Amino acid sequence: MEESIQKAPTHIAILSSIGMGHLIRHLDFQPKFLITLIIPTDEYIQKPRTHIAILSSLGMGHLISLIQFSKRLLDFQPNFLITLIIPTDEIVVQIHDNMMRSLPAVRDTLRLLNQSNSHPVSILVVDLFGPPAIDLAREFNISPYMFFSTNGMFLSLVLHMPKIDKMFTCDFRDSFEPIKLPGIIPLYGKDLVDSAQDRKSEAYKILLQTFDEYKALDGIFVNSFMGLESSAFRALKEIEGFKVPIYPIGPITQYDKKTEINRPDCLKWLDEQPFGSTLFVSFGSGGTLSQEQLNELAFGLELSGQRFLWVIRTPNEKIRNAAFFSVQTTKRYPLEFLPKGFLERTKGKGLVIPSWAPQNEVLNHGSIGGFLTHCGWNSVLESMVNGIPLIAWPLYAEQKMNSVLLTDDLKVAFRVNMNEDGIVEREEIAKLGKKLIEGEEGEELRKKMKYFKDSAAEALTENGSSFKSLVEVASKWINC
């Protein structure tokens, strides 16, 4: 049996929008599967360098082929037609439109793969923006699955959205009535995903149609685990009119290839800090602050008296997810936007680095005692597997929902308060930073986070819930 599987591996195509989570990092494909990664992209959104780096780091190059669509002529594959989209402030709409415009090329790709490959594609895995391709999968007799890179809470909102829409007449941001989803802590309209805030927007229309699209799937992977959201996952099985199997397979987190050679300076700096003494500050791969807010953050960190490692990006006055775009509005170095004298005054106590840090390695470092985060789900899980308590500072997408889960339900985070202008003031930042690193309440959060760290590790063991979910699906795929 093993020999026959190796001769005829199941061929899986993964259709990834820019910003897809990290399915490949965790699935142990080995020789039982062949993988083709298909990435529609354009020059306005970050190129998928991370996908390529991840595949290389896993040593799976001989199993995985990459097809990347791009505006650049040198990147074109023969017979593929791609239409470049115009950037908008709504990243959801932009990525969705990019996927829609790429469907003819996706169809050609699947056709060519099935014609030229001795192992035709039998599984198509899409991400949150991939449902438009489900019909293509059915057209080629391919079984469609989804990797839902966030949590069970957000999936529950998506699947209940048609019902919720009928319960309200005003925009959710204007409602003070709690939204009660089965197995989920009550949510308020202002905390819902950005695409739900304006009922007249194109993003809202996309959100509303997802329930019917998801019904056509053969399964949904969720990057969470039973020990974290057991009530949510039990309730998801009971949704009327929705019989698609849901597989919690998390936590899937960033893969860092650790090496002592060319070790980043920020890790060397952390080596010199006392155990549990340092606050890590980062707003993920997409988060940006205004100049005013950046100033308040700087003064707040200084006022707190705590050690800190801060990943800073060039400020943007209007777009909170501006770092998603590769087009730069300024060529100025990010550190130039700091308040005058800040670096000198905090020298030795804090370290500010531009644009990027090896986040998982940072969070795994013994000197880190807390994480000020935008509450992107990947960042949440990375903090969880390392047992690091949080200061929740949500910016966009579903991050406000995540912050509610973290602060009100799991109780592993403090949430920032904003003034009437939407600014988190320096006194608030200083207070929370000191409370998290030094205070008794911060220690309570740390104990609770330790529980979820252990639960996350258990989920990935041979007898764990996430491992069993993967085994269940892999068994189905091997026989495709």
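In the stretch 116-156, what count of residues is obtained for those that are within 23 Å of N479 (Cβ to Cβ) and among the polar types (S, T, N, Q)?
Of the residues in that region, 5 qualify.
hydroxyl-bearing (S, T, Y), at pLDDT 95 or above and under 25 Å from V416 (Cβ atoms): does that describe S367?
yes
Please find, among T169, T150, T109, the residue that is over 21 Å from the mean Cα position of the chain (by Cα) and crowded, with 21+ Cβ neighbours inside 10 Å.
T109
Within the stretch 178-207, can you find the residues that are assigned to a loop (DSSP other than H, G, I, E, B) and either within 19 Å of N402 (Cα to Cα) or under 21 Å from the mean Cα position of the chain (by Cα) (or both)?
Of everything in the stretch 178-207, those that are assigned to a loop (DSSP other than H, G, I, E, B) and either within 19 Å of N402 (Cα to Cα) or under 21 Å from the mean Cα position of the chain (by Cα) (or both) turn out to be P178, K180, L181, P182, G183, I184, I185, P186, Y188, L192, V193, Q197.
Is there any pair with a first residue in the stretch 443-468 that is outside any helix (DSSP H, G or I) and a second that is charged (D, E, K, R) whose Cβ atoms are under 7 Å apart and which are 6 or more apart or on different chains, and what are they?
Pairs found: G464/E458.
Does M418 count as open to solvent by 60 Å² or more (accessible area, probe 1.4 Å) and of a type in the set (A, V, I, L, M)?
Yes, satisfied.
Here are some residues: I142, I164, I220. Which one is in contact (Cβ under 8 Å) with a residue 12 or more places away in the chain, open to solvent by less than 10 Å² (accessible area, probe 1.4 Å) and in contact with a Phe, Trp or Tyr (Cβ under 8 Å, 6 or more places away or on another chain)?
From the options I142, I164, I220, the qualifying one is I220.
Taking the condition surrounded by 15 or more Cβ atoms within 10 Å (Cβ to Cβ), in contact (Cβ under 8 Å) with a residue 40 or more places away in the chain, part of a helix (DSSP H, G or I) and in contact with a helix residue (DSSP H, G or I) (Cβ under 9 Å, 6 or more places away or on another chain), does G300 pass?
yes
Could you say which residue among A357, A323 is more than 16 Å from A298 (Cα to Cα) and either assigned to a loop (DSSP other than H, G, I, E, B) or modelled with pLDDT of 95 or more (or both)?
A357
Would you mention how many residues in the stretch 379-399 are farther than 16 Å from A457 by Cα and not in a strand (DSSP E or B)?
Residues in the stretch 379-399 being farther than 16 Å from A457 by Cα and not in a strand (DSSP E or B): 9 in total.
Out of (1) buried (at least 22 other Cβ atoms within 10 Å of the Cβ); (2) closer than 14 Å to P251 by Cβ, the odd one out for L436 is which?
Unmet for L436, out of (1) buried (at least 22 other Cβ atoms within 10 Å of the Cβ); (2) closer than 14 Å to P251 by Cβ: (2).
Quickly run through the stretch 423-433 and pick out the residues that are open to solvent by less than 60 Å² (accessible area, probe 1.4 Å), farther than 15 Å from F371 by Cα and more than 24 Å from the chain's Cα centre (by Cα).
Matches in the stretch 423-433: I423, E428.
Answer yes or no: is there a residue in the stretch 218-227 that is modelled with pLDDT of 95 or more, under 18 Å from H160 (Cα atoms) and part of a helix (DSSP H, G or I).
no
Spot the failing condition for P182; the list is (1) surrounded by 15 or more Cβ atoms within 10 Å (Cβ to Cβ); (2) in contact with a Leu (Cβ under 9 Å, 6 or more places away or on another chain); (3) not polar (S, T, N, Q), and only one is missed.
(1)
Kindly check whether there is at least one residue in the stretch 451-461 that is over 27 Å from W356 (Cα atoms), surrounded by 21 or more Cβ atoms within 10 Å (Cβ to Cβ) and at pLDDT 95 or above.
Yes, the stretch 451-461 contains a residue that is over 27 Å from W356 (Cα atoms), surrounded by 21 or more Cβ atoms within 10 Å (Cβ to Cβ) and at pLDDT 95 or above.
Could you tell me whether the stretch 176-185 includes any residue that is touching a residue at least 60 places away in the same chain (Cβ under 8 Å) and under 23 Å from V244 (Cβ atoms)?
no
How many residues, within the stretch 194-211, are closer than 19 Å to P132 by Cβ and either touching a His at 6+ places or on another chain (Cβ under 8 Å) or in contact (Cβ under 8 Å) with a residue 40 or more places away in the chain (or both)?
9
Which of the following residues is farther than 23 Å from A203 by Cβ, open to solvent by less than 40 Å² (accessible area, probe 1.4 Å) and either modelled with pLDDT of 95 or more or in contact with a helix residue (DSSP H, G or I) (Cβ under 9 Å, 6 or more places away or on another chain) (or both): A137, A133?
Result of the check over A137, A133: A137.
Among the listed residues N479, N378, which satisfies the condition of being under 18 Å from M153 (Cα atoms) and modelled with pLDDT under 95?
Going through N479, N378 in turn, the sole match is N378.
Whether any residue in the stretch 82-99 is at pLDDT 65 or above, aliphatic (A, V, I, L, M) and part of a loop (DSSP other than H, G, I, E, B) is what I want to check.
Taking every residue of the stretch 82-99 in turn, none turns out to be at pLDDT 65 or above, aliphatic (A, V, I, L, M) and part of a loop (DSSP other than H, G, I, E, B).
The values are calculated or read from the model by the stated rules, or taken from the named source; none is laboratory data. Note that the structure is a prediction, hence the values are computed from the model and not measured. Every residue, glycine as well, gets a Cβ built from its backbone with ideal geometry; the counts of neighbours run over all protein chains shown. Please note that ligands, DNA and RNA were not included when accessible areas were found on the heavy atoms of the full protein model with its side chains. Shrake-Rupley method; radii C 1.70, N 1.55, O 1.52, S 1.80 Å.
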